[in-house]
1. At a temperature of 4 °C and a viscosity of 1.567 mPa s, determine how fast region 26-84 diffuses translationally according to Stokes-Einstein, using the Kirkwood radius over alpha-carbon pairs as Rh; express D in µm²/s, rounded to the nearest whole number.
2. Please list the non-local residues whose amide H lies under 5 Å from the amide H of V46, H modeled 1.01 Å from N, same-chain partners needing a gap of 5 or more.
3. Using a Förster radius of 30 Å, what is the FRET efficiency between R81 and K27 based on their Cβ-Cβ separation? Nearest 0.05, please.
4. Could you calculate the FRET efficiency of T47 with S7 from 1/(1 + (r/R0)^6), where r is the beta carbon distance between them and R0 is 25 Å, rounded to 0.05?
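What follows is calculated from the coordinates using simple rules that are stated; it is not laboratory data. The model shown is predicted, which means the values in this text are computed figures rather than measured ones. So basically every Cβ, Gly included, is an ideal-geometry build from the backbone, and we count neighbours across all protein chains shown.
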Amino acid sequence: MSTGKYSNIEELESNNNFEFVNHDLTKPFFPEEINEEAIASEASIVTMPGAFAKGTTRLLLEWVLLKGYEGEEHLQKFIARSLNNS
């Protein structure tokens, strides 16, 4: 638990409906071709954080599918433009 304390969930351990999953909530996206010697953080075109505002996850995925990383408009500008036009 790198961003929390076990004591925050300790009382839930006895609940049969509770399961703690220790997982990184980020998701990296990679281009179709990657230099074999590149490390993931350098090869990744974008990383989806664990929390996002409403609608922005869809826009991030759209930007990846459109290969926005190959253009001049970075992800944040794409999201801002898309939200302003909706």
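1. So the translational diffusion coefficient is about 106 µm²/s.
2. HN-HN under 5 Å from V46: F29.
3. 0.85
4. Working: r = 29 Å, r/R0 = 1.16.
The formula returns an efficiency of 0.30 here.
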